[in-house]
1. What ranking, highest mean first, results for peptides 8-18, 145-155 when packing means the other Cβ atoms within 10 Å averaged over each residue?
2. Counting only C-alpha contacts under 8 Å and six or more residues apart, can you give the relative contact order of segment 111-170 as a whole percent?
3. Efficiency by 1/(1 + (r/R0)^6): what FRET value for residue 130 and residue 192, r their Cβ-Cβ distance, R0 = 22 Å, to the nearest 0.05?
Amino acid sequence: MKPIIQTPRYRLVADEIVAAIRAGDLAPGAKMPADKDLVERLGVSRTTVREAMIALELMGYVVTRFGAGAFVAEALPEAPREAPAQPGFYELVEARYRIEPEIAAAAAPFIKDEDQAHLRDLIAGMADPALSLHEVERRDRDFHVTIARATGNSVFVSIVEEFWRARRRFPEWTRANNRRDAADVARFYEAEHRAILDAFAARDVEAARRAMRVH
């Protein structure tokens, strides 16, 4: 007997979309169907579809263009690609999606004014088109670690730091920054991070959770 491995629903959705792409039902360069259409066609939740889209982008089948939406990649991978050895970026995407919104929610009532000022400075740096991706990523990491520290829980800090250590092991993560140009990257970083900061300024727990989940 072999152990039964339960495949997450978003992986099943991703596999179904990969099959459609490889069959030519979704042509290279074509705009991906809207989330609501995929929800109806596949019979899953919008959250599952969004998780699948993240996986597809990291696999190289989908390209996200800020302000334009998701498109089938012009050049597809030569063969279907599985997630790398555990822990892989599939697991990392899911873990961050589940855990970091709760960390943001925990920080919202307690985050200090000086921490918010620091986050504001980090956003300004991330939105600078002149900065290298390395410098932007460094500020991005600091942003998330600062939020974890604001909870006063050292376990949360360790978790977020481990997320970033794991992220550095996978160059596929650079596809998450696949935008049209440096100005698009800047707008992406500024818009999503500022929504989180706005929730903190309002001490709004649910808004902080929601903004981090979107991010």
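1. 8-18, 145-155
2. 30 percent
3. For R0 = 22 Å, the calculated efficiency reads 0.65.
Readers should treat all values here as calculations from the given coordinates under stated rules, not as data from a laboratory. Fair warning: this is a prediction, and the values are worked out from it, not measured in the lab. Every residue, glycine among them, receives a Cβ derived from its backbone with ideal geometry; neighbour counts consider all protein chains shown.
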